[in-house]
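**Student:** The structure under discussion is supplied below as structure tokens; questions concerning it will follow.
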Amino acid sequence: MSASESAVVKPSYAWLTVNRNCNFRCEWCYAQGAYFDKGQEMTLKKAVELTDMLLAVGITHLFVTGGEPTLWSPLLKFNSHCHDIGLDNTIVTNAMHFGKDEFWERYIESPNTYVGVSLKAGNPKQLYETVKIRRFDLVTKGVRRAMDHFKSGVGIVYNSHLADNLVDICRFSVEECHAHSIKIDFCSPVFVENQPLAQCVMEPYQLVSGIIRDYPEIVKLTTELSFIMSIPFCFWPKSFIEELEAEDRIESVCHMVKREGIVVTSDGSLCMCNELFDYSIGRYGVDFTDAETLIDLLNEPVVNGYYDQMSRYPSNRCQECSWYNKCGGGCPLLWSVFDPEQYVQPVEGR
Amino acid sequence: MSKFIQMLKLQGDVPKKKPKGVAKKRERPGQFSRCECGHCRCVVNI
């Protein structure tokens, strides 16, 4: 019996992808697969219906994401609805729109419960190279506002643009933007027209050596540091993983592998991961209409089979590894580009 | 979805048990957990 067949699957959190429009153009973003289409915007009516349904399913937290959700016109009305029904929600944003006074003044009248800010650059040149935006002043102001208002931290996707600048962007986040914490994640492939694109994904061993080199400097900036370990543990020196664990600076295994979260996109498509919006497993109004039919869908044998396939050991050598329960084999999407047989080494055998 | 799965070079079996993963031990107000939207992988405080 596989893991997914052993119990009724009932997600505990969800992402609502409310739009695809964005004011940034990150090369590693899945939204490029939707061409940042301004037309792909969830209606307020659909967002409210979906949210009420997700609450009935037992969701305890909702993430509002995009695209760039601060550009989603019904955002403030939607926040009021979440407030009225008592559902905490987090907006996931690059925060540039927060830098505009007129928007910020309206926004703080009806804010999300929390904010997650994704920081892309630590100086104007880097911002332009990374996301093709020149308004570094506006981004800085917006990020700082979010940090100060929500007492928040930043997330940084370590990618090829940041290979030699990670310490600088971390310093900028703490000293200029007042970030209370830093989380570092690793860029994974995006999928456009059934092909993986990995131009910003770093070669795993190059990534490991860059992080090992920069880690001592980053720790001097903040002790509230964490790595979202989407790279298998066996790629790292054992002592480094042990240190991160001892210092409480590591998180691992994504919601898809644990089957704890679901994603609903702007047209009501149900997806296993936000990067997989082209590979929907069902659609609101067609395959599910309410909490009961959504749970039924998530427990159908064919859907369980998809989750099983996505959660396979990258290599059978992982079965021998004493770290698998904590590591989970890393982000499954990595294996669209890299061959596990070339990389995976069970910890016991090293 | 089957088409996507074929793109992956996963070569192992399906585990009998889901991996538990590592979560932050010290949780306090203002400390942040991951947003796993797959978009930005930014942080959230839940």
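The values are calculated or read from the model by the stated rules, or taken from the named source; none is laboratory data. Fair warning: this is a prediction, and the values are worked out from it, not measured in the lab. Every residue, glycine as well, gets a Cβ built from its backbone with ideal geometry; the counts of neighbours run over all protein chains shown.
**Student:** Has region A:279-294 got at least one residue that is at the interface with another protein chain (Cβ under 9 Å from one of its Cβ atoms) and among the aromatic types (Phe, Trp, Tyr)? Don't jump to the end; show me each part of the working.
**Tutor:** Of all residues in region A:279-294, those at the interface with another protein chain (Cβ under 9 Å from one of its Cβ atoms) come to A:279-281.
Now narrow it down to the ones that are among the aromatic types (Phe, Trp, Tyr): A:279.
The answer is yes; a qualifying residue exists.
**Student:** Return a yes/no flag: does region A:249-262 have any residue that is over 28 Å from A:Ala198 (Cα atoms) and either buried (at least 21 other Cβ atoms within 10 Å of the Cβ) or within 9 Å of another protein chain (Cβ to nearest Cβ) (or both).
**Tutor:** Residues of region A:249-262 that are over 28 Å from A:Ala198 (Cα atoms), as a first pass: none.
No, every residue in region A:249-262 fails to be over 28 Å from A:Ala198 (Cα atoms) and either buried (at least 21 other Cβ atoms within 10 Å of the Cβ) or within 9 Å of another protein chain (Cβ to nearest Cβ) (or both).
**Student:** How about region A:115-134: which of its residues are within 14 Å of another protein chain (Cβ to nearest Cβ) and either surrounded by fewer than 19 Cβ atoms within 10 Å (Cβ to Cβ) or closer than 30 Å to A:His83 by Cβ (or both)? Show your work before the answer.
**Tutor:** To start, the set of residues in region A:115-134 that are within 14 Å of another protein chain (Cβ to nearest Cβ) comprises A:115-121, A:130-131.
Result: A:Val115, A:Gly116, A:Val117, A:Ser118, A:Leu119, A:Lys120.
**Student:** List every residue pair whose Cβ atoms lie under 7 Å apart, where the two residues are 6 or more positions apart in sequence or sit on different chains, the first residue falls within region A:158-175 and is under 8 Å from A:Leu221 (Cβ atoms), and the second residue, located anywhere, is surrounded by fewer than 22 Cβ atoms within 10 Å (Cβ to Cβ) and polar (S, T, N, Q).
**Tutor:** From region A:158-175, the pairs are A:Val174/A:Thr222.
**Student:** Go through (1) surrounded by fewer than 16 Cβ atoms within 10 Å (Cβ to Cβ); (2) at pLDDT below 80; (3) more than 7 Å from chain A (Cβ to nearest Cβ) one by one and return the number of the condition B:Lys25 breaks.
**Tutor:** That leaves (3) as the condition not met.
**Student:** Still on this model: Would you please list the contacts, defined by Cβ atoms under 8 Å and residues six or more apart or on different chains, that run from a residue in region A:94-114 that is under 27 Å from A:Val157 (Cβ atoms) and within 14 Å of another protein chain (Cβ to nearest Cβ) to a residue that is of a type in the set (Ser, Thr, Tyr) and part of a loop (DSSP other than H, G, I, E, B)?
**Tutor:** From residues that are under 27 Å from A:Val157 (Cβ atoms) and within 14 Å of another protein chain (Cβ to nearest Cβ), the pairs are A:Tyr114/A:Ser152.
**Student:** Are any of the residues in region A:119-136 within 29 Å of A:Glu247 (Cβ to Cβ), assigned to a helix (DSSP H, G or I) and of a type in the set (A, V, I, L, M)?
**Tutor:** no
**Student:** Can I ask one more? Of all residues in region A:36-81, how many are touching a residue at least 60 places away in the same chain (Cβ under 8 Å), touching a Lys or Arg at 6+ places or on another chain (Cβ under 8 Å) and part of a helix (DSSP H, G or I)?
**Tutor:** 1
**Student:** So A:Pro340 passes all but one of these: (1) surrounded by fewer than 22 Cβ atoms within 10 Å (Cβ to Cβ); (2) facing chain B (nearest Cβ under 9 Å). Which condition number does it fail?
**Tutor:** (1)
**Student:** Moving to a separate point now. Scan (1) part of a loop (DSSP other than H, G, I, E, B); (2) touching a residue at least 40 places away in the same chain (Cβ under 8 Å) for the single condition A:Ile262 breaks and write down its number.
**Tutor:** Tallying (1) part of a loop (DSSP other than H, G, I, E, B); (2) touching a residue at least 40 places away in the same chain (Cβ under 8 Å), A:Ile262 fails exactly one: (1).
**Student:** How do the strands (runs of 3 or more DSSP E) wholly within region A:142-235 filter down when requiring 2 or more residues that are surrounded by fewer than 19 Cβ atoms within 10 Å (Cβ to Cβ): which remain? Steps first, please.
**Tutor:** Working: elements: A:154-158, A:182-186, A:190-192, A:195-197, A:225-228.
The qualifying strands (runs of 3 or more DSSP E) are A:195-197.
This table checks each residue for (1) more than 10 Å from chain B (Cβ to nearest Cβ); (2) among the aromatic types (Phe, Trp, Tyr); (3) over 30 Å from A:Cys271 (Cβ atoms).
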site	(1), (2), (3)
A:Asp168	yes, no, yes
A:Asp185	no, no, no
A:Gln195	no, no, no
A:Met229	no, no, no
A:Phe233	no, yes, no
